[in-house]
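Data first, discussion second: the structure below is written as C-alpha cells.
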Amino acid sequence: MRLPIILQVFLVAFLHGCHKAVEGAFSATVESGEEHCYNVIAPAGVQSTIHGNFDILDDNESPDPIGVVLYDSRMTPVWRSERDAQEGTFSITGEGKYELCIQNGSMGNDDYVAAKDGIDREVGFAIRVVPPVRGIEGEAGPDDRLTSHLIELSEKL
C-alpha cells in the first residue's frame, strides 16, 4: 500500500527545495501479509543525513512478523530492522530517492521473511532529512571569525 498521492506530492515538494531539516511522523495500520512503502527524497547534489525510527504501537502483539527496510533508488536495502525488534532507528548519508517499507508477514526474496499471523499491526515511524549546513554567501562563518580573531591576537605578540 502506498501513501496517499496528495501526501506524497506534499512531501516531495517540501523536501525538494528545502535547505533546512525536514521531519515527518506518521502511524499506519499494516494489514497482515501486506507492505506499506513511503518515498523519502533527499535534495539532489548534496549528501544529506537521513534519520528515521519506528515503533510497533501494538505492545500486546508479537513484533516478529514486522520488518522495516530502507531501500535506495535501485531498490537495494541500505538498512533493515532487527528480527523481533519492537522499535529501531537508522541513520544514513545520501541523496535522491529512498523508500521506507514496513512489512507485516511474508514479503519477498530479499526482505525479512516471517509468516503472516493474521493480525494487523499499528506502526509509528518518523523520518528526518537534514541537508548539510551552509553559510550565507559572502558572510563569514564561525570558523572564519575565529581564525581572524586568532590572527589579530597573534599580531599583538
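Among 84-91, 29-36, what's the highest-first ranking by average C-beta atoms within 10 angstrom per residue?
Answer by packing, highest mean first, reads 29-36, 84-91.
Give me a comma-separated list of calculated 3J(HN,Hα) values for the range 76-91, in order, Karplus coefficients 6.51, -1.76, 1.60 applied at θ = phi - 60°, integers in Hz, x for any Gly or Pro.
Once rounded to whole Hz, the list reads 9, x, 9, 7, 9, 6, 6, 5, 6, 7, 6, 8, x, 9, 9, 8.
Could you run the Karplus curve 6.51 cos²θ - 1.76 cosθ + 1.60 with θ = phi - 60° over the range 32-45 and give me ³J(HN,Hα) per residue in whole Hz, x for Gly and Pro?
Values per residue, Gly and Pro as x: 4, x, 10, 9, 10, 10, 10, 6, 10, 10, 8, x, 6, x Hz.
Taking the Cβ of V40 as the center, what net charge do the other residues with Cβ under 12 Å away carry, scoring Lys and Arg +1 and Asp and Glu -1?
After counting each charged neighbour, the total is -2.
Rule-based calculations on the coordinates, nothing more; no lab input. Bear in mind that the values here come from a model prediction, so they are computed numbers and not experimental data. Every residue, glycine among them, receives a Cβ derived from its backbone with ideal geometry; neighbour counts consider all protein chains shown.
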